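Q: Below you will find the structure I want to go over with you.
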Amino acid sequence: MTPVLPLLLALPFLLAAAIALLGRLPRSAAACLAGAAPVLGLALLGSVTPTVLDGGIVRSSWQWLPQIGLDFSLRLDGLAWMFAGLVLGIGALVVLYAHYYLSAKDSARRFYSYLLLFMGAMLGMVLAGNLLLLMVFWELTSISSFLLIGFWSHRKDAREGARMALVVTGGGGLALLAGVLLIGRIVGSFDLDVVLASGELIRASALYPWALLLVLAGIFTKSAQFPFHFWLPHAMAAPTPVSAYLHSATMVKAGVFLLARLHPALAGTELFFYVVSGIGAITLLIGAWNAIFQHDLKGLLAYSTISHLGLITLLFGLSTPMAVVAGVFHILNHATFKASLFMAAGIIDHETGTRDMRRLGGLRRLMPITSTLAIVASLAMAGIPLLNGFLSKEMLFTEALATEGPDWMRNAVSAAALLAGILGVAYSLRFVHDTFFGKGPVDIDVVPHEPPRWMKVPVEVLVVICLAVGIVPALTVAPVLQAGASAILGNAMPGYSLAVWHGFNLPLAMSVIGVAGGIALYFGLRRFTDLYAARNRPVGKQLFQRNLEVLFGFAQRFTAAVANGSLQRMLLALVLVAVIVAAAPYVANPAMPAWPAPQPIPLLGWMLWLVMLACAFAGLFLFRQRLLAVIVIGGTGLMVALTFVFLSAPDLALTQLMVEMVTLALMLLGMNYLPAQSPPEHSRWRKRRDAAIAIVAGTGIAALAYSLMTLPPNTMAGELLLRSLPEAYGHNVVNVILVDFRGFDTFGEITVFGIAALVVHALLRRSRMAPEQIMPGPPMKLPVPADLAQIMFPLTLTVSIFLFLRGHNAPGGGFIAGLVLAVPLLIQYVIQGSASVESRFGFDYIRCIGLGLLIALLSGAGSLLFGVPFLTSGHLDLQLPLIGEVPLASAIGFDTGVYLVVFGGVMLILSMMGTVKPSRSRNARNGEIDIHRRSARTGEMH
């Protein structure tokens, strides 16, 4: 197991985090850090290149969630090596290009952080050796691309394009996940090596058609295949470096990568042939035809990208060994000439202020170097000899003519390939002629000139590659193509010749017809139609938006019908659903559990139960007097805590007690916005209905609790007690369960808790009150002095740390300690008011939540470095002077994260409650706020 792959994958994420966290990083320093990720990555990739070129596979693997078959398994074969080279190589060029493209108003830190996040996601996807792990990174590419496409969030088209891309590719990701799960069910494993070796088993399964169609849905949405192709042109609202990276070389190639990766397992059936080649051919022609009538440079390149992705899909659909080789070859060729074209379009936009070809023209005189580079890349896109696009286009014609099956199928594929060649020349010619020739430019406010020298370097590098591959392919691209294609085909790898001249043959004749036909078509359209008057009707966008409007309208009507603002109705629905779901098993199987004879309750137990019962009934009869109701409900909670003590559950007792104290403060703050008394309940029928439902629900909960408490002793509890100390190094089994045995669940729970706190902050941060009106403190002097509340904090902090440090071996832990630390601050909020507390304390609760989640994640993931599952504990005995031996378990790191999240979340919720007062004026309903007030707890202006 080599450390190269984990380091290769971690580099973009680590540098993205560094750029994001370094607040005042100069733009040039951010660009250098961003460029270091692909450059160092290429160096690491180069260290394992000899192994890959010799046909070997480099692997690294750690257990993650072995119960569901998910391992953090990385696998580098020829195909992954080829794609990793594309991701890193073009990524380095894009970083250099973006440094000169971005304006001073654009946040370079945010851009490079997003870009490296996407780079890491793409690397994770191509390196994944487990299908479930591949899905994790697949979805991360959708999220990071959403951030990049919507980078210019002030523009409506960027926001709409980002949302459209996320919805379409996210929906496809759900379908792909379902397909992956079906494949895992068929094979019995998600390990990529096992899946690729089980092609016959998969194709023979009755689930194969469903698995194939679901996987193809994910592939087609990501690679913009018909009918999902409409999202890609609207993603062109992104900055041009994003388009050059995502929409030519990487993200849109993710779909065809997965098609190539799973080709040995899924290809070889008529269903695969007809669906994949059919969709590929349709996409090929639709994209090429629409490209001709685009007026925006990036719009033309977007539709041509759709067409070329259809070409690659068609080749993989044909499934012959040489068609697969041609598909891999065109992936490489398209990435180079299309990335250079997007960068050239960005230079033109950067220097002229427009991408509208109707306003451009004649740029070859004003920008000769850029024009030359763009023309050469356009000729490569058109498939002109001595350029790389010509070679893969010749392969397409050859494989179209050799299509297996009926004559009509061979003729249809050949005709589609020839027509695509004609259309490809036509839109390439329009790109060149309308941009660089003619009388223009017109109606622009600047005099175009060449960009800075280093802004052209990435374009020059890519154009030189196009020329080198087109002239001497055997010396340049042959090893890369051999490695990538052989990883798919294995022993079926055919012999082939990469040469510019193969003699006079039918594919060459088709190339000649394609060039001549494309020239004739373009100039014919210019002569006999008004090409500039063509209107682009985004039918796909209109259908998408219409569907969203229908969906949102349905959601609003459903919400209005179900959640009309009545808390009573929502609580009623919640309790009814819980009762129905809980009662369903007993209705289906009415057998009663075999309860053992109850044990006698001591006098203390009866006393606690009676006090609890009295408090519950008092709350029922005093509910209209809200303050008294809160007090007696607190008494119920206190009795529950004492019951836990009575039943020898000190951890639960401490937690219950702290929760009661925090909840009491929350309810007191909430009562500040409510009338002193609840309105009277008029309907007797409603009272009786609610009483009946409450009795049924309470009886069910009581029966369930009794069943759980009277389970036989031979349950998992015994095993957890036996394993707690030897495996997790903790005597307190409750804390061990939370931070070790079920630590992954706890991480999810604290994440939800942090999100809930942020939701409260988002809802209440735009309060309608001026600073002087925010919780001024109690109207009368409380019996608790303010000085005493301040003295309580250091004392409570000491107790909190004590409970935190002992939690692994005695009652305590991060959750309890976080609540304990929050209590004195809550008291100060109630006594002194929020303004006074925040002026002295000045703590950023949002950062506290984020830091806690990050610490918990890193401490849990740290065990992966030692080849053991997530959150596996380690142990260390420290010998400290005067103190002596201190046992220390690695789970304390995870518990630290829990501590910070609980404290930050509780304080954020309650401090927000303490700074909101409802406006009694009609004009304040629109959310008037003081924009000059800075919140001490969030560090933001509001």
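The values are calculated or read from the model by the stated rules, or taken from the named source; none is laboratory data. Nothing here was measured: the structure is a model prediction, and the numbers come from that model. We place every Cβ from the backbone using ideal geometry, glycine too, and count neighbours over all the protein chains shown.
Residue-by-condition table, conditions (1) modelled with pLDDT of 80 or more; (2) surrounded by fewer than 19 Cβ atoms within 10 Å (Cβ to Cβ); (3) in contact with a strand residue (DSSP E or B) (Cβ under 6 Å, 6 or more places away or on another chain):
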{"position": "Val736", "(1), (2), (3)": "yes, no, no"}
{"position": "Asp745", "(1), (2), (3)": "yes, yes, no"}
{"position": "Gly754", "(1), (2), (3)": "yes, no, no"}
{"position": "His761", "(1), (2), (3)": "yes, no, no"}
{"position": "Met769", "(1), (2), (3)": "no, yes, no"}
{"position": "Gln790", "(1), (2), (3)": "no, yes, no"}
{"position": "Thr796", "(1), (2), (3)": "yes, yes, no"}
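Q: Residue check: is Lys456 of a type in the set (Lys, Arg), under 29 Å from Asn290 (Cβ atoms), surrounded by fewer than 23 Cβ atoms within 10 Å (Cβ to Cβ) and out of contact with any strand residue (DSSP E or B) (no Cβ under 8 Å at 6 or more places or on another chain)?
A: no
Q: Give the range 615-632 a look and list any residue that's in contact (Cβ under 8 Å) with a residue 24 or more places away in the chain and either aliphatic (A, V, I, L, M) or farther than 24 Å from Leu654 by Cβ (or both), or say none.
A: Result: Phe623, Arg624, Gln625, Arg626, Leu627, Val630.
Q: Does the range 23-43 include one or more residues that are of a type in the set (Lys, Arg) and more than 20 Å from Leu132 (Cα to Cα)?
A: yes
Q: Among the residues of the range 98-108, how many are closer than 21 Å to Leu341 by Cα and within 26 Å of the chain's Cα centre (by Cα)?
A: Residues flagged as closer than 21 Å to Leu341 by Cα and within 26 Å of the chain's Cα centre (by Cα) within the range 98-108 amount to 3.
Residue-wise test of (1) part of a loop (DSSP other than H, G, I, E, B); (2) among the charged types (D, E, K, R).
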site	(1), (2)
Leu628	no, no
Met639	no, no
Phe644	no, no
Leu669	no, no
Lys687	no, yes
Leu711	yes, no
Val736	no, no
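Q: Among the residues of the range 322-342, is there at least one that is within 27 Å of the chain's Cα centre (by Cα), in the same structural domain as Ala426 (by TED's automatic domain parsing) and charged (D, E, K, R)?
A: Yes, some residue in the range 322-342 is within 27 Å of the chain's Cα centre (by Cα), in the same structural domain as Ala426 (by TED's automatic domain parsing) and charged (D, E, K, R).
Q: If you don't mind, another one. Out of (1) hydroxyl-bearing (Ser, Thr, Tyr); (2) in a loop (DSSP other than H, G, I, E, B); (3) under 33 Å from the mean Cα position of the chain (by Cα), what's the single condition that is false for Ser486?
A: Of everything listed in (1) hydroxyl-bearing (Ser, Thr, Tyr); (2) in a loop (DSSP other than H, G, I, E, B); (3) under 33 Å from the mean Cα position of the chain (by Cα), Ser486 misses just condition (2).
Q: Which numbered condition in (1) within 30 Å of Val630 (Cβ to Cβ); (2) more than 48 Å from the chain's Cα centre (by Cα) is the only one that Gly619 fails?
A: (2)
Q: Arg569: surrounded by 15 or more Cβ atoms within 10 Å (Cβ to Cβ), at pLDDT below 85 and out of contact with any strand residue (DSSP E or B) (no Cβ under 6 Å at 6 or more places or on another chain), yes or no?
A: On the way: surrounded by 15 or more Cβ atoms within 10 Å (Cβ to Cβ): no; at pLDDT below 85: yes; out of contact with any strand residue (DSSP E or B) (no Cβ under 6 Å at 6 or more places or on another chain): yes.
Answer is no for this residue.
Q: Another question about this same structure. Just to be sure before I move on: is Asn564 at negative phi and outside any helix (DSSP H, G or I) in the structure I sent? Don't jump to the end; show me each part of the working.
A: Working: at negative phi: yes; outside any helix (DSSP H, G or I): yes.
Yes; evaluated as a whole, the condition is true for this residue.
Condition check ((1) touching a Pro at 6+ places or on another chain (Cβ under 7 Å); (2) surrounded by fewer than 19 Cβ atoms within 10 Å (Cβ to Cβ); (3) over 30 Å from Asn491 (Cα atoms)) across all residues:
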{"residue": "Ser47", "(1), (2), (3)": "no, yes, no"}
{"residue": "Ser60", "(1), (2), (3)": "yes, no, no"}
{"residue": "Ser73", "(1), (2), (3)": "no, no, no"}
{"residue": "Asp77", "(1), (2), (3)": "no, no, no"}
{"residue": "Leu86", "(1), (2), (3)": "no, no, no"}
{"residue": "Ala92", "(1), (2), (3)": "yes, no, yes"}
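Q: State whether the residues of the range 30-38 include one that is crowded, with 17+ Cβ neighbours inside 10 Å and farther than 16 Å from Leu115 by Cβ.
A: no
Q: Checking Phe118 against (1) surrounded by 22 or more Cβ atoms within 10 Å (Cβ to Cβ); (2) under 13 Å from the mean Cα position of the chain (by Cα); (3) more than 25 Å from Pro3 (Cβ to Cβ), which test does it fail?
A: (3)
Q: Here are some conditions: (1) within 44 Å of the chain's Cα centre (by Cα); (2) of a type in the set (Lys, Arg); (3) under 23 Å from Glu660 (Cβ atoms). Arg624 meets all but one. Which one does it not meet?
A: (1)
Q: Another question about this same structure. Anything in the range 698-713 that is loosely packed, with under 10 Cβ neighbours inside 10 Å and over 41 Å from the mean Cα position of the chain (by Cα)? List them, or say none.
A: Correct list: Met709, Pro712, Pro713.
Q: Could you tell me how many of the residues in the range 38-58 are touching a Phe, Trp or Tyr at 6+ places or on another chain (Cβ under 9 Å) and part of a helix (DSSP H, G or I)?
A: Number satisfying all stated conditions: 4.
Q: With the condition kept exactly as written, say whether any residue in the range 908-924 is modelled with pLDDT of 80 or more, outside the structural domain of Asp71 (by TED's automatic domain parsing) and either surrounded by 12 or more Cβ atoms within 10 Å (Cβ to Cβ) or not aliphatic (A, V, I, L, M) (or both).
A: Yes.
Results for (1) surrounded by fewer than 20 Cβ atoms within 10 Å (Cβ to Cβ); (2) touching a strand residue (DSSP E or B) at 6+ places or on another chain (Cβ under 7 Å); (3) not in a helix (DSSP H, G or I), shown as yes or no for each residue.
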position: Arg358; (1), (2), (3): yes, no, yes
position: Gly361; (1), (2), (3): yes, no, yes
position: Thr372; (1), (2), (3): yes, no, no
position: Ala377; (1), (2), (3): no, no, no
position: Ala380; (1), (2), (3): no, no, no
position: Pro385; (1), (2), (3): yes, no, yes
position: Ser392; (1), (2), (3): no, no, no
position: Trp408; (1), (2), (3): yes, no, no
position: Ala416; (1), (2), (3): no, no, no
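Q: Hey, could you check the range 662-686 for residues that are farther than 24 Å from Gly634 by Cα and either aromatic (Phe, Trp, Tyr) or modelled with pLDDT of 70 or more (or both) and say which is nearest to the chain's Cα centre (by Cα)?
A: Arg686
Q: Examine the range 661-676 for a residue that is surrounded by fewer than 16 Cβ atoms within 10 Å (Cβ to Cβ), of a type in the set (Phe, Trp, Tyr) and within 30 Å of Trp609 (Cα to Cα), and state whether such a residue exists.
A: no
Q: On the given criteria, is Leu300 in the same structural domain as Leu401 (by TED's automatic domain parsing), in contact with a Ser or Thr (Cβ under 6 Å, 6 or more places away or on another chain) and not in a loop (DSSP other than H, G, I, E, B)?
A: Details: in the same structural domain as Leu401 (by TED's automatic domain parsing): yes; in contact with a Ser or Thr (Cβ under 6 Å, 6 or more places away or on another chain): no; not in a loop (DSSP other than H, G, I, E, B): yes.
Here the answer is no, as Leu300 does not meet what is asked.
Q: On to the next question. For the structure I just gave you, tell me whether Leu628 is under 27 Å from Met912 (Cα atoms) and crowded, with 18+ Cβ neighbours inside 10 Å.
A: Taking the combined requirement at face value, the residue does not satisfy it.
Q: A further question follows. Looking only at the range 59-79, which residues are part of a helix (DSSP H, G or I) and closer than 20 Å to Gly120 by Cα?
A: Residues of the range 59-79 that are part of a helix (DSSP H, G or I), as a first pass: 66-68, 78-79.
Listed by number, the residues that qualify are Gly78, Leu79.
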